[in-house]
Structures are given as structure tokens and as C-alpha cells.
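Novice: Next up is a structure, given as C-alpha cells.
The values are calculated or read from the model by the stated rules, or taken from the named source; none is laboratory data. Quick caveat, the model's predicted, so the values are computed rather than measured. Every residue, glycine as well, gets a Cβ built from its backbone with ideal geometry; the counts of neighbours run over all protein chains shown.
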Ligand code: SAM
């Protein structure tokens, strides 16, 4: 067994050797506790039939664990100062490919076709740069590449919103946008002390697993997401007020909205945060029908 990168001593050695200084603006907080990495690999259920995409390998702490457990690994790193470091630390692994790119600008279908020798199970496993957590998740969910699941570290506060259930304070349009495609659960909480440098916020690992079909079947997805977003614009207001703000206050629109609420069996005085995904789906179809 090789010596882990993710210990405070080894990490400091590597950083000193390359004169590396952390960039806060790139969300650079490196893991220096190998047990966390073992737990991440377990949570992702990696095996030699699974390919992995990683975002932000840093100096390779998580990457080497992925390389040991998975079939092939492709890791996207934006910071060019880390390329020589990674070439060094990951030299023992011939199944790891580093791509120098902003993950949000990467052409995933082309790179997946180019770098993975076969189409097995595909997971995203990463300790995300926190300043773009949501855009990264949306980038993967919107991609043509079929990702089977994501096991990702993020701020605990964002993890709570993504995994929230109806009727809770954390439940909102982000919960629904993700739970529409994926089941979402917090795998475990991670203390600040496992990072170098330590972030100001608590972290959590979440596990997203793709549903065979979306959580609800709707006539028009674009309209469904417009409704969901609109229902949470002003959280403290009733569903009715948010609907008027979203669709307009003209008498014909009001009438259509009233009818839609009635056939969906949803009380206009409720707040958006109490509606389940299924209720949003029903309401979306009804509004779509009565407004067109
Ligand atoms: N995986 C390492 C670990 O766990 O120790 C480092 C994780 S660190 C939280 C986030 C990493 O993402 C950094 O290496 C940073 O340079 C990289 N990064 C930041 N923005 C990025 C982007 N847009 N695309 C790709 N990588 C990015």
C-alpha cells in the first residue's frame, strides 16, 4: 500500500516542494484525513466496473483513492499551478486522467467518449469548490452524459437545502430542481478540522442517485420549473400571491389560476414550501392547461 497524500505531514511536504499557496477564490480547502476519503469511496460504492469524474483534484488526495477503487478516473482542475504537482503525486496511477479545464466549460460528452474506454456505471465524486456548488450540480444534471450518481462534499447549509423535505425551512426550489431527477440524502457530516486550510463553514457529503424516471411526470418541464421557482420567490407570502407575481394579475389569468388550484385540490392560502413535488406537478399541468 502506498502512503496517503491526505495527511497533514505529506500535504505540507508537497505544498512546500512546489511553493504552493492556497487561492481562496478557487475554493481550495484540501482534505488531510484519509479516513474521510475511505468513507467517501464507500458512500459512492466504487468498484472496478465504475468510472469516475472528479471536480478539482487539488494535489490528488481524493483522486488517488478514486484511482485505487474505480476503473478509470477523469479529474478536472482549473488551477494550472497544480498540474505539475498532480503529474508527480499521481504518477503511480495509469487509470487517472487530469483535464486542465473549468468544469463548467467542459464538453462532457466529448471528454467522456475520449477518455473512458467503456460505458460502465458513471459516478461523480468530488470535494467541490464551494463557490460554485449549485452550478456544478446543474451542469452534470443538464448534461447529455448520463451520470448514475454523485457523491459530493459541500457546505452543510447547501446540503440541507438540497436534501430538504416539504414543510421544512430548508425546502425550496433547489430541493425540487434536484429531487426531480435524483434521490438525495446526506451521507455524513464532515468536521472543519479535516481540511487545510480550515473553512469557516461546516461540510457534508451528500449522495444523489438518478431516478429511473423523474419524481413526477409533467406535460411541460420548462413550465414546471417556472412554477416552482415562482412559488418560492417570496417565501413568506402565500402560494396565491406568488402565483399572481409570476403569471400576472389580469382577470382572465386570475380565473385560470383559481381553476387550476381547484382541480389540483390545493388551497391558495398555503405556502410554496408545503407543496410536495407531486403537488407541484399536478398544479403545473393544470395551470399549463388553463392558461393556454
Ligand atoms: N480534491 C481536493 C481535496 O479534496 O483535497 C481539493 C478540493 S478543493 C475543495 C476544490 C478544488 O477545485 C481545488 O483544487 C480548485 O483549484 C478546484 N477548482 C476550483 N474551481 C474549479 C473549476 N471551475 N473547475 C475545476 N476545478 C476547480
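Novice: Among (1) touching a helix residue (DSSP H, G or I) at 6+ places or on another chain (Cβ under 8 Å); (2) under 21 Å from residue 165 (Cα atoms); (3) at pLDDT 95 or above, which single condition is residue 235 missing?
Specialist: For residue 235, the failing item is (3).
Novice: Does any residue of the range 196-204 turn out to be modelled with pLDDT of 95 or more and within 22 Å of residue 142 (Cβ to Cβ)?
Specialist: No, the range 196-204 contains no residue that is modelled with pLDDT of 95 or more and within 22 Å of residue 142 (Cβ to Cβ).
Novice: If you don't mind, there's one more thing I want to ask. Any chance you could count how many residues in the range 14-31 are within 8 Å of the ligand (Cβ to nearest atom) and not in a strand (DSSP E or B)?
Specialist: 5
Novice: Follow-up question, since we're still on this one. Test each condition in (1) free of Cβ contacts under 8 Å to residues at least 24 places away in the same chain; (2) in contact with a strand residue (DSSP E or B) (Cβ under 6 Å, 6 or more places away or on another chain) for residue 182 and report the one that comes out false.
Specialist: Of (1) free of Cβ contacts under 8 Å to residues at least 24 places away in the same chain; (2) in contact with a strand residue (DSSP E or B) (Cβ under 6 Å, 6 or more places away or on another chain), only one is false for residue 182: (1).
Novice: Next question, about the same structure. May I ask you to say which residue of 37, 82, 46 is surrounded by 17 or more Cβ atoms within 10 Å (Cβ to Cβ), within 12 Å of the ligand (Cβ to nearest atom), under 24 Å from residue 155 (Cα atoms) and within 19 Å of the chain's Cα centre (by Cα)?
Specialist: Testing whether each residue is surrounded by 17 or more Cβ atoms within 10 Å (Cβ to Cβ), within 12 Å of the ligand (Cβ to nearest atom), under 24 Å from residue 155 (Cα atoms) and within 19 Å of the chain's Cα centre (by Cα) leaves just 37.
Novice: A further question follows. Out of all the residues in the range 65-76, is one or more in contact with a strand residue (DSSP E or B) (Cβ under 7 Å, 6 or more places away or on another chain), within 15 Å of the ligand (Cβ to nearest atom), farther than 21 Å from residue 209 by Cα and not in a helix (DSSP H, G or I)?
Specialist: Yes, because at least one residue in the range 65-76 is in contact with a strand residue (DSSP E or B) (Cβ under 7 Å, 6 or more places away or on another chain), within 15 Å of the ligand (Cβ to nearest atom), farther than 21 Å from residue 209 by Cα and not in a helix (DSSP H, G or I).
Novice: Checking the condition modelled with pLDDT of 95 or more and farther than 19 Å from residue 190 by Cβ, which residue from 54, 13, 64 passes?
Specialist: Among 54, 13, 64, only 13 is modelled with pLDDT of 95 or more and farther than 19 Å from residue 190 by Cβ.
Novice: Go through the range 117-163 and give me each residue that's in contact with a helix residue (DSSP H, G or I) (Cβ under 8 Å, 6 or more places away or on another chain) and in a loop (DSSP other than H, G, I, E, B).
Specialist: Answer for the range 117-163, where residues must be in contact with a helix residue (DSSP H, G or I) (Cβ under 8 Å, 6 or more places away or on another chain) and in a loop (DSSP other than H, G, I, E, B): 128, 129, 143, 144, 145, 147.
Novice: What number of residues within the range 235-287 satisfy the criterion of being in a helix (DSSP H, G or I) and under 21 Å from residue 181 (Cα atoms)?
Specialist: Number of matching residues: 12.
Novice: Further question on the same structure: What pairs come out if I take residues in the range 47-58 that are touching a residue at least 60 places away in the same chain (Cβ under 8 Å) and at positive phi and pair them with residues that are within 6 Å of the ligand (Cβ to nearest atom) and assigned to a strand (DSSP E or B) whose C-beta lies under 9 Å away, six or more apart or interchain?
Specialist: Listed pairs, sorted by first residue: 56/76; 56/77; 56/127; 58/30; 58/31; 58/77; 58/127.
Novice: Identify the single condition in (1) at pLDDT below 95; (2) crowded, with 17+ Cβ neighbours inside 10 Å that residue 69 does not satisfy, given that it satisfies every other one.
Specialist: (1)
Novice: For the range 175-199, give me the residue count where each residue is over 26 Å from residue 57 (Cα atoms) and not in a loop (DSSP other than H, G, I, E, B).
Specialist: Final tally of qualifying residues: 4.
Novice: Going through the range 49-64 one residue at a time, which ones are under 18 Å from the mean Cα position of the chain (by Cα) and either more than 10 Å from the ligand (Cβ to nearest atom) or part of a strand (DSSP E or B) (or both)?
Specialist: Residues satisfying the conditions are 51, 52, 53, 54, 55.
Novice: Of all residues in the range 96-134, which are closer than 22 Å to residue 189 by Cα, surrounded by fewer than 18 Cβ atoms within 10 Å (Cβ to Cβ) and more than 8 Å from the ligand (Cβ to nearest atom)?
Specialist: Within the range 96-134, 134 is the sole residue that qualifies.
Novice: Determine whether residue 93 is within 15 Å of the ligand (Cβ to nearest atom), assigned to a loop (DSSP other than H, G, I, E, B) and in contact (Cβ under 8 Å) with a residue 24 or more places away in the chain.
Specialist: Yes, satisfied.
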